[in-house]
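The values are calculated or read from the model by the stated rules, or taken from the named source; none is laboratory data. What you see is a predicted model; the values in this text were computed from it and never measured. Neighbour counts run over all protein chains shown; Cβ positions are idealised from the backbone, glycine included.
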Amino acid sequence: MINSIQRVEAIIQKFTKKNLRIATAESCTGGYISNMITNVSGSSKVFDRGIVCYSNQAKIELVKVDPNVIEKFGAVSREVVKLLANNIRILSNVEIGIGVSGIAGPTGGTIEKPVGLVYIGFSTEKEIKIERYNFKTDRITFKKMVFDKVLTFLESLN
């Protein structure tokens, strides 16, 4: 079975050839995605920046998320993640923006937004795609599962 490092290596090779670059705006993963990508030699060819925007204020200040959207829909929402992914792509002047917000737990969940809920957003010039998952697991495994979904998306790009 291919591991995460090998998957990142393959993505770096493919994106280097295609001149594609990535930037991330991470909330619940706390920089895990950026860390895992930059663990691989050559990542600087495709990885521009990773911003950890854990607090609402950081989302507003660093990624220019409209505070009214956070107030109306909550930080863990399709609408906020759409802005995280799209805004980080535009602010970084890259081809692919990735935004993540969720509730890693074990506390903090509600009936509407349970522990394990995560939205992962991908922004390119052509489209913005938001995926919703509920990973009922511990915090570290939660981050790994989110990263796996990010890799799967990046691998799917032609």
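Output the residue which, of all residues in region 90-99 that are touching a helix residue (DSSP H, G or I) at 6+ places or on another chain (Cβ under 9 Å) and hydrophobic (A, V, I, L, M, F, W, C), is surrounded by the most Cβ atoms within 10 Å (Cβ to Cβ). Step through it out loud before you land on a result.
Quick first cut of region 90-99, residues touching a helix residue (DSSP H, G or I) at 6+ places or on another chain (Cβ under 9 Å) only: 91, 94-99.
Next cut, hydrophobic (A, V, I, L, M, F, W, C) only: 91, 94, 96, 98.
On the way: Leu91: 17, Val94: 21, Ile96: 23, Ile98: 27.
Checked region 90-99; the qualifying residue surrounded by the most Cβ atoms within 10 Å (Cβ to Cβ) is Ile98.
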- Message: Give me the residue from region 61-79 that is within 16 Å of the chain's Cα centre (by Cα) and either over 23 Å from Thr141 (Cα atoms) or polar (S, T, N, Q) (or both) and, out of that set, surrounded by the fewest Cβ atoms within 10 Å (Cβ to Cβ).
- Response: Lys64
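Give the residues of region 87-136 that are of a type in the set (S, T, N, Q) and farther than 20 Å from Tyr54 by Cα, sorted by residue number. It would help to see each step written out before you state the result.
Within region 87-136, the subset of a type in the set (S, T, N, Q) is 87, 92-93, 101, 107, 110, 123-124, 134.
Correct list: Asn93, Thr124.
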- Do you know which of the residues in region 3-53 that are part of a helix (DSSP H, G or I) and of a type in the set (Ser, Thr, Tyr) is nearest to Thr141 (Cα to Cα)? Tyr32
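Within region 100-113, identify whether any single residue is in contact (Cβ under 8 Å) with a residue 60 or more places away in the chain, surrounded by fewer than 16 Cβ atoms within 10 Å (Cβ to Cβ) and under 19 Å from Gly31 (Cα atoms), and answer yes or no. Show your work before the answer.
If we filter region 100-113 for residues that are in contact (Cβ under 8 Å) with a residue 60 or more places away in the chain, which is where we start, we get 100-104.
Right, trim to surrounded by fewer than 16 Cβ atoms within 10 Å (Cβ to Cβ) and you get none.
Checking region 100-113: not a single residue is in contact (Cβ under 8 Å) with a residue 60 or more places away in the chain, surrounded by fewer than 16 Cβ atoms within 10 Å (Cβ to Cβ) and under 19 Å from Gly31 (Cα atoms).
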- Residue in region 28-50 that is within 14 Å of Phe147 (Cα to Cα), free of Cβ contacts under 8 Å to residues at least 60 places away in the same chain and among the hydroxyl-bearing types (Ser, Thr, Tyr) present: yes
- Note on the structure: Considering residues that are buried (at least 16 other Cβ atoms within 10 Å of the Cβ) and among the polar types (S, T, N, Q), the number found within region 114-136 is 2
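Looking only at residues in region 36-53 that are of a type outside the set (Lys, Arg) and either over 18 Å from Phe122 (Cα atoms) or over 14 Å from the mean Cα position of the chain (by Cα) (or both), which one is surrounded by the most Cβ atoms within 10 Å (Cβ to Cβ)?
Residues of region 36-53 that are of a type outside the set (Lys, Arg), as a first pass: 36-44, 46-48, 50-53.
Of the ones still in play, those that are also either over 18 Å from Phe122 (Cα atoms) or over 14 Å from the mean Cα position of the chain (by Cα) (or both) are 38-44, 46.
Working: Thr38: 14, Asn39: 11, Val40: 19, Ser41: 9, Gly42: 13, Ser43: 19, Ser44: 10, Val46: 24.
Only one residue tops the list, namely Val46.
For every residue, the table says whether it meets (1) at pLDDT 95 or above; (2) not polar (S, T, N, Q).
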| residue | (1), (2) |
| --- | --- |
| Asn3 | no, no |
| Arg7 | yes, yes |
| Lys14 | yes, yes |
| Leu20 | yes, yes |
| Thr29 | yes, no |
| Thr38 | yes, no |
| Ser55 | yes, no |
| Glu61 | yes, yes |
| Val69 | yes, yes |
